[in-house]
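Shown next, in structure tokens, is the structure this report addresses.
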Amino acid sequence: MKKDTLITGLALFAMFFGAGNLIFPPYLGMESGTEWVLGFLCFVLIDVVLSCLGIFALNATGGANAAVEGSIGRVPGLVLNTAVILCTGMVIAEPRTAATTYEMSIVPLFGDGVGMLAFSAVFFAVVLALSIRQTHVVTVIGKVLTPLLVACVAVLIVVGVAHPLGDIGAPLSTTVAQDGISAGYQAMDVLACVGFAIVMENAARTAGYARREDQLKVIAGASVVAGLLLAVIYGGLTFLGAASATSFGAGMDRSTLIVAIVQHLLGDTGMAVLAVIVGLACLTTAIGLTGATASYFERVTHGKVPYRVGVIVCVLVSLAICNLGLNAIIAFAAPILSVVCPPFIVCVVMVLFKRKMGTEWPIKGAAAGAFVISLLTTIDDTFGALPVMQTLPLTEFGFNWLPFAVLGGVVGALAFAALRRKSDKAAA
């Protein structure tokens, strides 16, 4: 079991560690300066803790689909799960893997000699070949690709810590905690829980663990392995960014910053190392997301959309969207994620306590409260139409939806209690 847990954990790490995981921590560190630890901790809370907790929670409470649908209702749960899967599998995260690889691996080495369309076609052809067989996804990633990825990232971090780029200066941002939370949303790992939970369940079953208890042990151990690796690597990358601000100054975008850091630390050889890191990170994530998306639609359609058909559709849609470019994908992703993430986070956390609560009503209320406030906040952020949203508590930390989620949960619990008393009186 230990060997299977390690391999599955390495695969889960590599599926999580993709485009956003590489470009967001250094940029967060540059913006955070001397407060980089605070930014890092907020990022890890959203991106690592909730993601790895979510993988276990969804499997422990009936599986990814049943856990959410059984908590907020079949139709709302199906809508939320599907929105999450579309964000991660086709619309945002997976196209971003190819766009990031192109801008950070291909362009620095070959310039405009290789076009985005030609590269993305090759990239997704490889993804298709490695994900078309459902049972091979975790094995290919965990045994073959992850060790090389970890080794390359470790080289970069060790050199950067041993020979810092410069002194860490004052923060460039006045909202470090909020920036860390926002970066955690943008990395999108918490949303990948739905699909990756399915992949982990399939992996444990394929490895020969028929009993539910044994499957959960493997999944729990794998989540811990992945979480520890992610936290260590994110800490290193955030430090590299914090140490770069005095050397490079502000104004760099996310992909340019990591390229500049590597160029400064490792020279031209480093660019080849970065190309390998980015390529492996994005490839492993794209494979995991493709397999997760195809498995999800196979389940919710009860086999009407077979796994292989789902893989092909996912690859083709991602291929089309990725040609918009990395910055465009990040820009249109932000408002979508700001609406989808909070209610999903509420479901992931509260589903663990559903049995103790004895009802799903508090979860429904909390998810509704989080959704409404997140939607209104996103409208204000996008159009400036609701300035009152900026006065809500915890806005500076990116958690203004949290008090309303708590309020919604309380209202849900009180409503359930009132209905139960009414039912008891009627029965008497």
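The values are calculated or read from the model by the stated rules, or taken from the named source; none is laboratory data. Keep in mind it's a predicted model, so treat the numbers as computed, not measured. Because the Cβ atoms are built from the backbone with ideal geometry, glycine has one as well, and the counts that use them run over all protein chains shown. Accessible surface is based on the protein model in full, side chains and every heavy atom, while ligands, DNA and RNA are left aside. Shrake-Rupley method; radii C 1.70, N 1.55, O 1.52, S 1.80 Å.
Brief remarks on what is shown
- Matching helices (runs of 4 or more DSSP H) fully within the range 3-106 where at least 3 residues are open to solvent by less than 10 Å² (accessible area, probe 1.4 Å) and on the phi < 0 side of the Ramachandran plot: 19-32, 50-60, 64-72, 74-86, 93-101
- Criterion violated by THR377 - all others in (1) within 23 Å of LEU414 (Cβ to Cβ); (2) within 24 Å of the chain's Cα centre (by Cα); (3) polar (S, T, N, Q) satisfied: (1)
Yes/no per residue for (1) at positive phi; (2) modelled with pLDDT of 90 or more; (3) not hydrophobic (A, V, I, L, M, F, W, C):
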position: GLY227; (1), (2), (3): no, yes, yes
position: LEU240; (1), (2), (3): no, yes, no
position: PHE248; (1), (2), (3): no, no, no
position: THR256; (1), (2), (3): no, no, yes
position: ILE261; (1), (2), (3): no, no, no
position: GLY270; (1), (2), (3): no, no, yes
position: VAL309; (1), (2), (3): no, yes, no
position: CYS314; (1), (2), (3): no, yes, no
position: ALA320; (1), (2), (3): no, yes, no
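- Of VAL340, VAL348, VAL388, VAL410, all but one fail to be surrounded by fewer than 17 Cβ atoms within 10 Å (Cβ to Cβ) and touching a residue at least 40 places away in the same chain (Cβ under 8 Å); the exception is VAL410.
- Every test in (1) touching a Leu at 6+ places or on another chain (Cβ under 9 Å); (2) under 26 Å from VAL259 (Cβ atoms); (3) not β-branched (Val, Ile, Thr) is passed by ALA67 save one, and that test is (2).
- THR61 vs. criteria of a type in the set (Val, Ile, Thr) and modelled with pLDDT of 90 or more: no
- Pairs, first open to solvent by 60 Å² or more (accessible area, probe 1.4 Å) in the range 296-311, second in a loop (DSSP other than H, G, I, E, B) and not aromatic (Phe, Trp, Tyr), C-beta under 9 Å, six or more apart: ARG299/GLY63; ARG308/ILE132; ARG308/ARG133
- Scanning the range 391-407 for residues that are in a loop (DSSP other than H, G, I, E, B) and open to solvent by 50 Å² or more (accessible area, probe 1.4 Å), we see that the one that is modelled with the highest pLDDT is PRO393.
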